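**Student:** Submitted below is the structure of interest, expressed as structure tokens.
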Amino acid sequence: MLLDRVRGTADELRRGVAEVDSGRAAPHRGNRLVRQAGLLGLLMPWEFGGAGVSFLDCTKVLETLATGDGAYALGLATHYAAIGSLCETGVSELPAAADRFRTWLFREVVEHGRMFISATTQTGTGTGLRNIHATYRNTGAHYILTGATSPCPPQPSPTTM
């Protein structure tokens, strides 16, 4: 059932990928499709409003989504990497500050459809990137992260983030 939903999302993404990749369209439609498919909270424990899906099943989701648009699958994989450690804590007791952060983050994903991509995810998990240069800008409502990375061979070449 989950992979059927993801296949449908991949099909929808495929219909707009050429326009987005060529710069003729913004990626907003794809962002909306991924959110509507409920893919952002898959790893999160169901007690926090997530689906409690395993990392293995999330890998299958990413593989399936990539058949429609690899960039969205990569972005979602980075989101899973950014929140994965907290998801693994489940409902375990955490120090007060960590618990508040976990609750806030999960609420942002579930209630507001936020995707988290950490500037430290890549170096923290050893994906072979170097020369990470990031700039954060506070818009008042949220932060905008811009920057670039370069690959360490033999990693595939990522694009500017």
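**Student:** Among the listed residues ARG29, ARG24, which satisfies the condition of being of a type in the set (D, E, K, R), at pLDDT below 90 and within 22 Å of GLU111 (Cα to Cα)?
**Tutor:** ARG29
**Student:** Would it be correct to say that GLY52 is within 18 Å of ARG107 (Cβ to Cβ), open to solvent by less than 50 Å² (accessible area, probe 1.4 Å) and not in a helix (DSSP H, G or I)?
**Tutor:** Yes, satisfied.
**Student:** Mind listing whichever residues of the range 21-36 are assigned to a helix (DSSP H, G or I) and either under 18 Å from the mean Cα position of the chain (by Cα) or polar (S, T, N, Q) (or both)?
**Tutor:** Result: HIS28, ARG29, GLY30, ASN31, ARG32, LEU33, VAL34, ARG35, GLN36.
**Student:** Right, something else. So, in the range 104-135, exactly how many residues are more than 18 Å from the chain's Cα centre (by Cα) and at pLDDT 65 or above?
**Tutor:** The qualifying residues number 1.
**Student:** Name the pairs whose Cβ atoms lie under 8 Å apart, with the first residue in the range 20-41 and in contact (Cβ under 8 Å) with a residue 40 or more places away in the chain, the second crowded, with 18+ Cβ neighbours inside 10 Å and of a type in the set (S, T, N, Q), and 6 or more positions between them or separate chains?
**Tutor:** Short answer, once both residue conditions are applied: VAL34/THR9.
**Student:** Which condition does MET161 not pass, out of (1) open to solvent by 90 Å² or more (accessible area, probe 1.4 Å); (2) assigned to a loop (DSSP other than H, G, I, E, B); (3) at pLDDT 90 or above, if it passes all the others?
**Tutor:** (3)
**Student:** Would you pick out the residues in the range 1-19 that are under 11 Å from TYR72 (Cα atoms) and not small (Gly, Ala, Ser)?
**Tutor:** Within the range 1-19, THR9, LEU13, ARG14, VAL17 meet the criteria.
**Student:** Which is farther than 15 Å from ALA51 by Cα, open to solvent by less than 30 Å² (accessible area, probe 1.4 Å) and either of a type outside the set (Phe, Trp, Tyr) or modelled with pLDDT of 90 or more (or both), of GLY68, GLY90?
**Tutor:** On inspection, the qualifying residue turns out to be GLY68.
**Student:** I need the full set of residues from the range 1-20 which are in a loop (DSSP other than H, G, I, E, B) and either open to solvent by less than 90 Å² (accessible area, probe 1.4 Å) or among the β-branched types (Val, Ile, Thr) (or both), in order please.
**Tutor:** none
**Student:** THR59 fails exactly one of the following numbered conditions: (1) open to solvent by 50 Å² or more (accessible area, probe 1.4 Å); (2) of a type in the set (Ser, Thr, Tyr); (3) touching a helix residue (DSSP H, G or I) at 6+ places or on another chain (Cβ under 8 Å). What is the number of that condition?
**Tutor:** Evaluating THR59 over (1) open to solvent by 50 Å² or more (accessible area, probe 1.4 Å); (2) of a type in the set (Ser, Thr, Tyr); (3) touching a helix residue (DSSP H, G or I) at 6+ places or on another chain (Cβ under 8 Å) leaves (3) as the failure.
**Student:** Here is a follow-up. Here's a check for you: in the range 28-52, which residue that is out of contact with any helix residue (DSSP H, G or I) (no Cβ under 7 Å at 6 or more places or on another chain) and among the hydrophobic types (A, V, I, L, M, F, W, C) is nearest to LEU2 (Cα to Cα)?
**Tutor:** So the residue we want is ALA51.
**Student:** Restricting to the range 99-117, give me the number of residues that are out of contact with any strand residue (DSSP E or B) (no Cβ under 9 Å at 6 or more places or on another chain), of a type in the set (A, V, I, L, M, F, W, C) and either outside any helix (DSSP H, G or I) or open to solvent by 40 Å² or more (accessible area, probe 1.4 Å) (or both).
**Tutor:** Residues meeting the conditions: 5.
The values are calculated or read from the model by the stated rules, or taken from the named source; none is laboratory data. Just so it is clear, the structure is predicted and the values come from calculations on it, not from any experiment. Note that each Cβ is placed from the backbone with ideal geometry, even for glycine, and that neighbours are counted across all protein chains shown. These accessible areas exclude ligands, DNA and RNA; they are computed on the full protein's heavy atoms, side chains included. Shrake-Rupley method; radii C 1.70, N 1.55, O 1.52, S 1.80 Å.
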